[in-house]
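Chemist: Mind looking over this structure? Questions follow.
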Amino acid sequence: MLRPLGLSADAEKIYRCLLEDPRTEIPPLAARMGWPADRLEAGINELLDLALVRYSWERPHELHLVSPEVSLVPLLTQQELALLDKQKEVVASRVAIEEIVAEYGDRAAAGGYHDAERLVGVDNIRLRLEVLLAGVETEVMAFSDGGPQTAATLEAGRPLDESMLERGVRMRGVYLDSLANDGPTARYVGWLHERGARIRTTATLPLRMLIADRKAVMVPMDVTDAAQGALLIRDTGVVAALCALFEAVWEKSASFGASRSGRDDVGLTRQERAVVQLLAEGHTDDVVARRLGVSVRTSRRLTADLMVRLDARSRFQAGVRAIRAGWLPVDDDDQFVPAPASSDSA
């Protein structure tokens, strides 16, 4: 195996052929190799450049093999010295990286970021997320709300996800049912599922959330406005509460790939029941759309279909009839009254 010394596969084959006949002319060598002249010439030129062969001083057309002890050993020594220099560069780079990491950690500590760190801007959030996920040891749990992701965004996250799966990190994720409507997102989640990640889906999620090793949680500062940034929380009490929230939603979610067309005992799909509940809480079409991960047009269509089924002319009337139809829960001690449409917007 002489490639590490700079020889191509063809040059190595010629060299090994010359070991059997250290002195030969080009025509018989070409006949033995069975190669066209240009291919043979290219390989011989490599050997000449590395001083592994030379032409005879007495017979200029005769090719001579230079003693391996004289040619190969110095070449190997040269490669070893180059490798040693490279190793020194790697060690120096590692020391520099450790110093940078230590400096960054000192600044974070000085800023009081132990229990909660506010991150503003997409770049800051993504960079902090990369560091967080690169250090995960055992488990990642996530709520992935919102609408479809762009192909570029999904591909940007693939190396991190692949690295965690290869390290044996357990991955559990809850996505919205609506992901099935977006090809790139559905394919990416399917890829995660095939690689061993456990995936479930549900009609609506309370917020976007990522939990790393049950020690740190990243959540949005404002669930209605992503531009407000994110919050990285390490407070043990808050983390424990958010872990409990994840487990509660996980238990009620359906396995990835399960049919979404099933209806409950009052004839509602999971998505329809979520719409009814959100409307009863007074949310607008924009908020309902965001919580379901669908377009506003789809949200309005779902609402209109439900009102037709209830034979209601207003949303308030629809809420009252939804209670009578058993679509909304009512406490034994209180009479449920649907909330009026709020000003909450996307």
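Chemist: So how many residues does region 1-23 have that are open to solvent by 80 Å² or more (accessible area, probe 1.4 Å), outside any loop (DSSP other than H, G, I, E, B) and out of contact with any His (no Cβ under 6 Å at 6 or more places or on another chain)?
Modeler: Initial filter on region 1-23 (open to solvent by 80 Å² or more (accessible area, probe 1.4 Å)): 1, 3-4, 13, 16, 19-20, 23.
So of that shortlist, the ones also outside any loop (DSSP other than H, G, I, E, B) come out as 3-4, 13, 16, 19-20, 23.
Going one step further and asking which of them are out of contact with any His (no Cβ under 6 Å at 6 or more places or on another chain), we end up with 3-4, 13, 16, 19-20.
Residues flagged as open to solvent by 80 Å² or more (accessible area, probe 1.4 Å), outside any loop (DSSP other than H, G, I, E, B) and out of contact with any His (no Cβ under 6 Å at 6 or more places or on another chain) within region 1-23 amount to 6.
Chemist: From the residues in region 150-168 that are open to solvent by 60 Å² or more (accessible area, probe 1.4 Å) and assigned to a loop (DSSP other than H, G, I, E, B), which one is modelled with the lowest pLDDT?
Modeler: In this case the residue turns out to be THR150.
Chemist: Okay, moving on. Just to be sure, is LEU207 touching a Phe, Trp or Tyr at 6+ places or on another chain (Cβ under 9 Å), aliphatic (A, V, I, L, M) and over 20 Å from ARG158 (Cβ atoms)? Talk me through it step by step, then tell me what you get.
Modeler: Numbers: touching a Phe, Trp or Tyr at 6+ places or on another chain (Cβ under 9 Å): yes; aliphatic (A, V, I, L, M): yes; over 20 Å from ARG158 (Cβ atoms): yes.
When the stated conditions are applied, LEU207 passes them.
Chemist: Enumerate the pairs (first residue in region 278-296 and within 18 Å of TYR175 (Cβ to Cβ); second residue anywhere and surrounded by fewer than 21 Cβ atoms within 10 Å (Cβ to Cβ) and of a type in the set (Ser, Thr, Tyr)) with beta-carbon separation below 8 Å, excluding pairs fewer than 6 apart on the same chain, so at least 6 apart or on different chains.
Modeler: Matching pairs, first to second residue: VAL288/THR303; ALA289/SER295; ALA289/THR298; ARG290/THR224; LEU292/THR298.
Chemist: Identify the single condition in (1) at pLDDT below 85; (2) under 24 Å from VAL136 (Cα atoms) that CYS243 does not satisfy, given that it satisfies every other one.
Modeler: Status for CYS243: all satisfied but (1).
The values are calculated or read from the model by the stated rules, or taken from the named source; none is laboratory data. All of these numbers come straight from a predicted model, not from anything done at the bench. Neighbour counts are summed over all protein chains in view; Cβ atoms, including those assigned to glycine, are modelled from backbone coordinates with ideal geometry. When the accessible area is computed, the model is the full protein with side chains, heavy atoms only, and any ligands, DNA or RNA have been set aside. Shrake-Rupley method; radii C 1.70, N 1.55, O 1.52, S 1.80 Å.
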